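J.: Just dropping this structure here.
The values are calculated or read from the model by the stated rules, or taken from the named source; none is laboratory data. Please read these numbers as outputs of a predicted model, since none were measured by experiment. Positions of Cβ are generated from backbone atoms using ideal geometry, with glycine treated the same way; all protein chains shown enter the neighbour counts. For accessibility, only protein heavy atoms count, side chains too; no ligands or nucleic acids. Shrake-Rupley method; radii C 1.70, N 1.55, O 1.52, S 1.80 Å.
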Amino acid sequence: CPFCASIAPELRALVADRPGQVAVWFRHMPLDKIHPHARAAALASACADEQGRFAELHDTLFAQQDSIGGKAWEAFAREAGVRDLAAFGQCMDTRRHAARIEADLRAAKRLQVRATPTVIINGLLIEGTLTRDELEKHVADAARRPRRTAARTSPTPEEP
């Protein structure tokens with residue numbers, strides 16, 4: 001997803017600038033009709049996560065989106081530093097994390113997530129791409145209010 005790729009460095013920088021204050025958890029929401037390889041990419045990232053290489057595979061896939069579908073998942077994993085490629089391949093072959101991805105999809109449906117990326121900050125659902133300044137503003141606002149359950153905000157007209 002090019003929109004998810006654009007927000008990834010912003011999230012990474014936000015976490016780096018606010019150690020101990022901000023955490024990012026990724027959940028899978030492969031949009032199969034739009035991105036035919038999204039589900040396999042989600043599986044690959046979960047398999048890489050078994051070896052502590054989720055972030056590295058995540059970044060590798062976003063950097064090489066044009067190669068997805070034409071390059072073996074094991075090749076991406078090797079470039080991301082996944083050490084045990086045989087275990088990675090077995091994980092992919094058995095689709096070991098398919099249930100995890102389905103659980104993430106069910107959670108997204110319960111929360112009425114309609115688009116990727118969607119960021120949840122202190123219970124506030126924000127759809128669409130966000131700039132670093134927008135992320136900072138939402139985090140600062142969240143720090144001033146009590147924790148709440150998820151609520152929706154719509155993207156501004158400029159956002160996809």
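J.: Any residue at all in the range 4-11 that's more than 16 Å from the chain's Cα centre (by Cα) and in a helix (DSSP H, G or I)?
T.: no
J.: Here is a list: ARG78, ARG83, ARG39, ARG18. Which entry is more than 16 Å from the chain's Cα centre (by Cα), open to solvent by 30 Å² or more (accessible area, probe 1.4 Å) and in contact (Cβ under 8 Å) with a residue 40 or more places away in the chain?
T.: After ruling out the rest, the residue left standing is ARG18.
J.: Name the residues in the range 11-20 that are out of contact with any Leu (no Cβ under 6 Å at 6 or more places or on another chain) and either of a type in the set (A, V, I, L, M) or within 17 Å of GLU134 (Cβ to Cβ) (or both), would you? Reasoning before the result, please.
T.: First, pick out the residues of the range 11-20 that are out of contact with any Leu (no Cβ under 6 Å at 6 or more places or on another chain): 11-13, 15-20.
Across the range 11-20, the qualifying residues are LEU11, ARG12, ALA13, VAL15, ALA16, ASP17, ARG18.
J.: So how many residues does the range 119-128 have that are farther than 16 Å from VAL22 by Cα and open to solvent by 30 Å² or more (accessible area, probe 1.4 Å)?
T.: Looking only at that region, the number is 0.
J.: Looking only at helices (runs of 4 or more DSSP H) that lie completely in the range 68-160, which have at least 2 residues being at pLDDT below 90?
T.: 132-144
J.: Which condition does ALA55 not pass, out of (1) within 24 Å of GLU102 (Cβ to Cβ); (2) in contact (Cβ under 8 Å) with a residue 24 or more places away in the chain; (3) in contact with a helix residue (DSSP H, G or I) (Cβ under 9 Å, 6 or more places away or on another chain), if it passes all the others?
T.: Condition (2) is where ALA55 drops out.
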